[in-house]
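The values are calculated or read from the model by the stated rules, or taken from the named source; none is laboratory data. No experiment lies behind these values; they were computed from the predicted model shown. Ideal geometry is used to build each Cβ from the backbone, glycine not excepted, and the neighbour counts take in all protein chains shown.
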Amino acid sequence: MSDLNFDYTLLIPELILAVAAGIVLLADAFHTELRLNRTLLPGFTVLAALAAGLTSLAWLDTSDDFATLLAVDNFTAFFRVLFAFTLATVVIGSYEFVAREIRHQGEFYAMFLLATLGASVMAASQELLTAYIGLELLSFSLYVAVSLAKRDPRSGEAGLKYVLLGGVASATLLYGLSLIYGSAGSTSYAAISETFAAGTANVELPLLLGLVLVIAGLGFKISAVPFHMWTPDAYEGAPLPVTAILSATSKAGAIALLLRLFSGPLLPVKDDWQWMLAVISLTTMVAGNLIALQQTNIKRLLAYSSIGQVGYMLLAVATISDASASALLLHLGGYTVTNLAVFMAVIAFYNRQRSERIADFRGLAETNPYLALVITAALFSLSGMPLLAGFTTKFILFQAAAQDGYLWLVAIAVVMSTISLYYYLLVIRLMYVQEPDGAPAPDPQTGRLDRPNLRWRTSPASYAVTAVLLLGTIAIGLYATPLLEAADDAAAVLFPA
Amino acid sequence: MLRRLPLPAQIDRTITLGGLLASVVAAPYIVVLGVLFATGELSAPEFVFWLNAGLVVGGALAAVLLRHIVHAALGLVGASLGVAGIFLLLASEFLALVQVLVYGGGVTILLLFGLMMTRATDGPIVTDGAQKPFAFGAGIVLAGLFVGAMLDAEWDALNVTVVGFRELGIRLYRDFGIPFEVASLVLLVALIGAITIARREPAPGEDDSK
Amino acid sequence: MGMEQVVLLPAIPAAIFVVLALFSPLLPRRGDWLAVVGMAVVVVLALAVAFHFQDFFGHGEFDPSGENARAFEWLNLSNGLFQIDLSTYVDAITVVMLLVVSIVALMVMIYSVGYMRGEARYGWYFGALSFFTASMLLLVTAGNLMVLYFAWEAVGLASFLLIGFYWERRSAAEAAKKAFITTRIGDVGLLIGIILLWREAGTFDIQQIIEFAEGGGFDQRYLTVAMLFLFMGAVGKSAQFPLHVWLPDAMEGPTPVSALIHAATMVVAGVYLVARMLPVFDVVLVARDVVLYTGLITAFMAATMGLVASDIKRVLAYSTVSQLGFMFVALGLGSPTAAMFHLFTHAFFKALLFLGSGSVIHATHQQEIEQLGGLWRKQPLTTWTFVIGSLALAGVIPLAGFWSKDEILHAANHNLPVFVTLAVTAGLTAIYTTRLVLLTFFGEPRNHHAYEHAHESPPIMTLPLLVLAALAAVAGFVIYEGVGQALGFAGGIGQLIFAHEPEVFHFDRDLATFALAVSLGGIGIGLVYWWGTAERATRARGWAPELHALLVNRYYFDDLYQSLINYVVLGAGSVIAVFDKRVVNETGVDGGAQTVGWFGLRLKFLQTGRIPNYALAMAGGIVTLSLVAFYTS
Amino acid sequence: MIPLENFLVLSAILFALGFYGVLARRSAILILIAVELMLAAVSINMVAFAAYLDPTRFTGIIFAIFVITVAAAEVGLALGIVLRLFRERASANVDEANSLKW
């Protein structure tokens, strides 16, 4: 018998998620027999998410592992909490949307729970096989969730694109993993790191190829150019809450895995992959931000803007060090909060206006000033306006990257984030400058008008969620130290002193 | 009982004709291998390897080149069987078994059912897109790169040894118990997803309960 | 008041902003009194800081160094990358800025109580003003560049909110956007500059960076680049050439806002920044020359544009741009003293002019000076305070502008081309100021409807005019040691302003006479040209139509920038989008057929799915990366 | 003994053929078949490396088991989606599923 640690209590957060998924599925399947109100499902999902998030705090500042497959440390805890937060937020913010648009609610929420579980496994992985299977769980849940809006024909198309290309990407990733396995003779991160540190001259080309393929496969997951092509389509076709999860959990999970891989087993061969990530970071931030200028659908705009954001994150992975890792985690946290704020506000907008066209946001400042404010603040934050989360986190991120010598790339990133301001301002301008639909033309003399009352209110749930996210965006922007400390502690795991 | 299955009539013809064609194509290759084996140029494992490699490549070529979807699916069966043979050569009987069962059985049948339910065999079909030349170029370059990389490396190979079923089982269910459980969740997701997504929805106005 | 508590100065208006933003509808009078009282407290505190500063360093002996106080740790990366404290730094420059910002802000707020009465979002207006003041106070007390940058952006955001205050009016929203984007371009430069400085010096603390630079820690070329980037921020914020285009448009905001933000405080942030960092600029002289010539070009260009502008506020806006140019010239000549002195006096008389123009607009609902005239009978107080402000701007002895402009001319004494240009610009200043005053307040009323309804503004609006007029008249005297001592400042206020060396005012009689002659000459030309009948108001148009058109169109800079945005940014975006659409997505349909045809292959499979195209992009990425990897390994 | 390179080259060829299939085919089902080929290539690689290089012998084999499992699951799920799409559009061709673009 080996001396592996099989302490299942380490996996309580994951177990909670898995069990909750089962309960949600069964409760939905038998809701008539059990006389259950189906509105309980989102409530239960949120409870499970909160439970998973809270229990994962029990292992703060410990460093343990489960059978050398999954690490339970600060890094894992950071992502467990991040994923749980995302899940709870998305479910609260979108339950009205789901109730109206999604027939199979039980399956829908179960997929969210399982996607979160998969992402946690990725973030905790200490070994290639586990990482891979976590990735597949995340992907499969999202394939299903994307296709679940059965009243929307775009959903099926998006699902098909996602699943087929996802299959190609996962085959690519697997081939890369197999080459790394072959080059190192093991799938355990620690063993790979040891082998590579001893020299890789005899397997130089397969290793390089393996790195390319791994970067391509994970690049697909985080939508790095040119592996991003599915992103806008899937974002547009998927139901809005799924789009939110795609841009938050899925992306963060892949980033977590990238960090685990490139700061651990692949660190000894940094010279081989650093330039690849730098190049991809460059193409990603340039293409994402420039194409975003042309969008007319808010989901596609956010898709391209998130691609641009990935470019910045890859910059930090390319220049990996303890500083840039913690900067990346900070940025990821800030980005998640900001991004969710946009998405939750867009969902609230959609609940009322049934539209995803950017043009239909015109006059929102008139009809719902609160939502307009949330969207404005969040978009400003995404573009890196100071006082908001986006600036602080991005600044520290760029700073850390500049430290490591990719100054030219940082300069391009700064320019790109200025360009991004332009397309965000287009949306903001529509909301504040244009008249809402149904408004009479202004009096040419005074510029004033007698308006019919076009105001509408956001629902309490949306209101609460967006308010929390808005406050979070501002709080991180003004005083990022608590989040920064958490990110520091998490990154310290990757780079033990 | 066979008649009740919605198998298109041409599947019999397909199998017969395809088998014939395959034998015609494969025969010279097998003959050459046989001769080499008989003359002692090839050892027994090598003979088996080349046989299976031929099956794999031939099947894969059929799967990606043939214009008829059913033929392509059968090509996949051939390739899968070849891969199973390769697994045997690599001393993994268990995996060979899994491969035959899952691929030769499950996946292929699933694919054929999918074909039938989407009636994709009806009428003349254009199976290839216009970017075929690009695809061809990309395929060639990829093959070149991959093969080059594999040949360039100096692998410090050990001797092949058999991994027993028991040992494998212990490793799989104990050491890799957690990934195994996660994989079962993946299967669950796929199952639920396939059912939920493919299910016909009641039209609006019909009873909304499930 | 100890230096540690300086952080209270921005904190008070910030707290008021939060209260007003959340609860203004619940407060009596929407909470305007809260903002005014809060600002009065800030003025008192600012004076206390000034006295303390004198006390501490004073007793006749002036110590040029300031005082650094660390408030609390704001960001700290434990891995040692950097630590940023919310620290404050107080020296002579800070004290000047504190006084200017707090006094002008108080006057503007009092004035706004009358001017903005009855506006929708009245409470929000005072909230935004408080937010702006808080940011500005934080900016001028910041001890390190990151805090400075934060405040810098907050000031920009506040300006965005206030310019766009009438966001129902399309032009206001557009102007807000223009100001925001233009200054953001500069801000990016500032940020890059800050990062560059930090990379070498390893700190954000301004004093440490200055020490590092003076100790020769920077590579010359590196530092030049860094300082030029830093200067970009100042150019954007202070509306200097070539980023000057936003300031005239920013006049869409409420007039008191223009007085506060676009005359006295925010736009001088660039001057403040350069003055603060001047020791570093001194290390690389090229950077200082750039400052000098940017200022010179701006001063001259803006003055010419001010000659033809017909909107009362736009004339003042061009004048502001031009005067800011003067300050940069002084900085470029290495005389922060002159620059800060001019900043100090300019703040008062320009705020006075803006508030006066607000009073006119309030009374007549008319901004075109060609439609005004003769108002002196209806608005005597406004008229005479405006005249005082104008004379100060034109540089007539003994008003404030005379002394400070003289100081700048003195600094330029040894550089003949610069001196001549400055003198010409000073003459132009006198001319357009005269034109403005004549057309607005004197002559025959040209729009009788507007004239009939005109009336003097309420006392709450004229009171700030009087206070500012008094300041505009006497602020110049502070440089005299005796005056300061008489006011209770040991050593004289003058020494506050002479930042680096305790220099006494260089009063050069010949120079002063010459400057006065230029000013009076300009005024005379203006009087001769525009005094008299109504037709004279528009006579400049016929004189040189091409030149007039060039100036009215602001040297076509706005059009140039619009084309740049249209063609370059959007163009690049659409090229890439088209690439994505055509080449990648539709290779099969059109592009594919052509490309294939180009390869000489006739294929009948013209339909393609898009999923394969997506996969092709992935394959392309993989192939490219691995080819490069293999080639370089 | 058969050299390891034989298996690796076979797997490389199989992978490239699969990728070619993905790029060239226009039926969703044919693309799936091609993806299956790619995954089979991965399995060969995994098992070959396990047999020749991994001192513990079994990791690659277990990896291959997972790959096969996931591959089967993927076919099932993807077919479900194809069926749904077929119902909506009466086509299983991927190029007709292009209402989402630019």
For this session: Return the total of residues in region D:46-56 being within 7 Å of another protein chain (Cβ to nearest Cβ) and not in a helix (DSSP H, G or I).
Result: 3
For this session: Just give me the residues in region A:232-253 being out of contact with any Phe, Trp or Tyr (no Cβ under 9 Å at 6 or more places or on another chain) and farther than 24 Å from A:LEU293 by Cβ, in sequence order.
Result: A:SER250
Exercise. Can you name the condition, by its number, that C:GLU174 falls short on among (1) buried (at least 24 other Cβ atoms within 10 Å of the Cβ); (2) under 30 Å from A:GLU435 (Cα atoms)?
Worked result: (1)
For this session: Give the residues of region A:438-473 that are polar (S, T, N, Q) and either at pLDDT 90 or above or part of a helix (DSSP H, G or I) (or both), sorted by residue number.
Result: A:SER462, A:THR466, A:THR473
Problem set entry | In region C:100-114, the residues that are surrounded by fewer than 24 Cβ atoms within 10 Å (Cβ to Cβ) and touching a Ser or Thr at 6+ places or on another chain (Cβ under 8 Å) | C:GLY114
Exercise. So which residues in region B:152-179 are more than 8 Å from chain D (Cβ to nearest Cβ) and surrounded by fewer than 18 Cβ atoms within 10 Å (Cβ to Cβ), if there are any at all?
Worked result: B:ASP152, B:GLU154, B:VAL162, B:GLY164, B:PHE165, B:ARG166, B:GLY169, B:ILE170, B:TYR173, B:ARG174, B:GLY177
Exercise. Is region A:311-334 home to any residue that is over 23 Å from A:THR76 (Cα atoms), buried (at least 24 other Cβ atoms within 10 Å of the Cβ) and among the aliphatic types (A, V, I, L, M)?
Worked result: no
Exercise. A:ASP271 passes all but one of (1) among the acidic types (Asp, Glu); (2) surrounded by fewer than 24 Cβ atoms within 10 Å (Cβ to Cβ); (3) in contact with a helix residue (DSSP H, G or I) (Cβ under 7 Å, 6 or more places away or on another chain); which number fails?
Worked result: (3)
Exercise. Does region C:132-169 hold any residues that are touching a residue at least 24 places away in the same chain (Cβ under 8 Å), aromatic (Phe, Trp, Tyr) and either over 23 Å from C:ASP91 (Cα atoms) or in contact with a strand residue (DSSP E or B) (Cβ under 8 Å, 6 or more places away or on another chain) (or both), and which are they?
Worked result: C:PHE165, C:TYR166
Seminar exercise, completed: Among the residues of region D:20-31, the number that are facing chain B (nearest Cβ under 7 Å) and either surrounded by fewer than 24 Cβ atoms within 10 Å (Cβ to Cβ) or part of a helix (DSSP H, G or I) (or both) is 6
Exercise. For region D:61-79, does any single residue satisfy the condition of being modelled with pLDDT under 90, in a helix (DSSP H, G or I), surrounded by 24 or more Cβ atoms within 10 Å (Cβ to Cβ) and more than 7 Å from chain B (Cβ to nearest Cβ)?
Worked result: no
For this session: Go through region A:161-279 and tell me which helices (runs of 4 or more DSSP H), entirely inside it, have 2 or more residues that are more than 22 Å from the chain's Cα centre (by Cα) and at the interface with chain C (Cβ under 9 Å from one of its Cβ atoms).
Result: A:204-221
Seminar exercise, completed: Pairing a residue in region A:40-56 that is farther than 10 Å from A:ALA20 by Cα with any residue that is of a type in the set (A, V, I, L, M, F, W, C) and not in a helix (DSSP H, G or I), where Cβ atoms lie under 9 Å and the two sit 6 or more apart in sequence or on different chains, gives A:SER56/A:VAL72
Problem set entry | Test: D:SER43 is buried (at least 22 other Cβ atoms within 10 Å of the Cβ), modelled with pLDDT of 90 or more, out of contact with any strand residue (DSSP E or B) (no Cβ under 9 Å at 6 or more places or on another chain) and more than 7 Å from every other protein chain (Cβ to nearest Cβ) | no
For this session: For C:ALA234, work out the one condition from (1) in a helix (DSSP H, G or I); (2) farther than 30 Å from C:MET109 by Cβ it doesn't fulfil.
Result: (2)
For this session: Please note which helices (runs of 4 or more DSSP H) are completely contained in region A:309-404 and include at least 1 residues that are free of Cβ contacts under 8 Å to residues at least 60 places away in the same chain and within 29 Å of C:ALA158 (Cβ to Cβ).
Result: A:322-353, A:369-383, A:389-403
For this session: Kindly indicate whether C:GLY373 is surrounded by fewer than 24 Cβ atoms within 10 Å (Cβ to Cβ) and within 30 Å of C:ALA287 (Cβ to Cβ).
Result: no
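For every residue, the table says whether it meets (1) under 22 Å from A:ARG80 (Cα atoms); (2) crowded, with 22+ Cβ neighbours inside 10 Å.
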position	(1), (2)
A:TRP456	no, no
A:PRO460	no, no
A:VAL465	yes, yes
A:VAL468	yes, no
A:PRO482	yes, no
A:ALA486	yes, no
A:ALA491	yes, yes
For this session: Name, by its number, the condition in (1) buried (at least 24 other Cβ atoms within 10 Å of the Cβ); (2) more than 26 Å from A:PRO496 (Cα to Cα) that does not hold for A:THR376.
Result: (1)
Exercise. In this structure, does A:LEU135 turn out to be crowded, with 24+ Cβ neighbours inside 10 Å and outside any helix (DSSP H, G or I)?
Worked result: no
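Rundown of residues vs (1) crowded, with 24+ Cβ neighbours inside 10 Å; (2) β-branched (Val, Ile, Thr); (3) at pLDDT below 90, yes/no style:
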| position | (1), (2), (3) |
| --- | --- |
| A:VAL212 | yes, yes, no |
| A:SER223 | yes, no, no |
| A:TRP230 | yes, no, yes |
| A:VAL242 | yes, yes, no |
| A:ALA248 | yes, no, no |
| A:GLY253 | yes, no, no |
| A:ALA256 | yes, no, no |
| A:LEU261 | yes, no, no |
For this session: Mind listing whichever residues of region C:405-457 are over 30 Å from C:HIS362 (Cα atoms) and among the charged types (D, E, K, R)?
Result: C:LYS405, C:ASP406, C:GLU407
Exercise. So how many residues does region D:26-56 have that are touching a residue at least 40 places away in the same chain (Cβ under 8 Å) and either more than 23 Å from B:GLU46 (Cβ to Cβ) or within 12 Å of the chain's Cα centre (by Cα) (or both)?
Worked result: 6
Exercise. What single numbered condition from (1) touching a residue at least 40 places away in the same chain (Cβ under 8 Å); (2) closer than 26 Å to A:ALA345 by Cβ fails to hold for A:ASP65?
Worked result: (2)
